[in-house]
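The values are calculated or read from the model by the stated rules, or taken from the named source; none is laboratory data. This is a predicted model, so every value here is computed, not measured. A quick note on method: Cβ atoms are made from the backbone with ideal geometry, for glycine too, and the neighbour counts reach across all protein chains shown.
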Amino acid sequence: MNRYVVPLSVLGTAVGAAVLLKDHVAGGACPSKATIPGKTVIVTGANTGIGKQTALELARRGAKVILACRDLDKCEEAAKFIRGETLNRRVSARQLDLASLQSVRDFAAKVIQEEEHVHVLINNAAVMRCPHWTTQDGFEMQFGVNHLGHFLLTNLLLDKLKASAPARIINLSSLAHVAGHIDFEDLNWEQRVFDTKAAYCQSKLAVVLFTKELSRRLQGTGVTVNALHPGVARTELGRHTGMHTSAFSSFTLGPIFWLLVKSPQLAAQPSTYLAVAEELEGVSGKYFDGFKEKSPSPEAEDEEVARKLWAASAHMVGLENSPRTSGRAPPHSK
């Protein structure tokens, strides 16, 4: 029997070390223990994945949480789950389809009418590397959902956020933004051969540029905005990527993915950190990779590109070139 003790001890040590290494690579738990009782938080795409776990974390910290999702039934299920897990009854579900400008306007109007405050807006929802689909308003799906839908939503809620200051906006981007480029001649992929990866990277670069320009416009208001790469997580977001489609890739890449890919719970920790950390009060216009502030790509730092993208986005969604306006979207030409 003793002959098994050493091998089992070595195996146990190896497994423990592997788990600790994975936790280190994944970033670990939110370093802030701050609670936010009485604060109202909106999380888009909160019925699954990082969004659901972020909503759960913030509900645990005492927030009133509004889950904003395209599928209302799944959203209601997620809200019910979070209420049960946290015993926080102030968790609700509302329909928001970021692929429809009208849905965004309807959601924002309801929030403005029914909520006294909005202290935190987490623009979490996204689509990734989908086929060449278009939104209800004719925009390329990834640019339309990841950037334009959140651009309009944020602008429509700015007055409410300013009135609730100090308030925070958190825009989920991706490390993929470094491979992105804003093609102002063809933002909608109507002239080029569609490249779903390039379209995704462009949309996530747009998120960082939007964050930079919005931060500039919000100076002195008490509202901050930061962009975030939460890390690569095992969520439904990657369903169009074809990852692990073969037994060979699963076998050869499995250990690497196990080490580098986060659980939704761990991937939600950076969003939670940006939402609650007291040391981030007043920090704005930054790009975070996990818990750490990092420099984004050179194009993401280009103020002229950011201003130009703001103007183009405002026109596409029917806003004038100002931080807060409303109006109908102009007809989209195919």
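Looking at (1) buried (at least 17 other Cβ atoms within 10 Å of the Cβ); (2) touching a residue at least 24 places away in the same chain (Cβ under 8 Å), which is the one condition that is false for Gln102?
For Gln102, the exception is condition (1).
Given the criteria under 14 Å from Val43 (Cα atoms) and either touching a residue at least 40 places away in the same chain (Cβ under 8 Å) or of a type in the set (Lys, Arg) (or both), does Ile169 qualify?
yes
With the condition being closer than 23 Å to Gln265 by Cβ, I'd like the helices (runs of 4 or more DSSP H) fully within the range 48-130 carrying at least 2 qualifying residues.
49-60, 72-86
Report the residue count in the range 285-307 for those that are touching a residue at least 40 places away in the same chain (Cβ under 8 Å), over 10 Å from Lys212 (Cβ atoms) and part of a loop (DSSP other than H, G, I, E, B).
Looking only at that region, the number is 3.
Of the residues Ala306, Ala300, Ala268, Ala312, which single one is within 20 Å of Arg60 (Cα to Cα) and either modelled with pLDDT of 95 or more or surrounded by fewer than 16 Cβ atoms within 10 Å (Cβ to Cβ) (or both)?
Ala268
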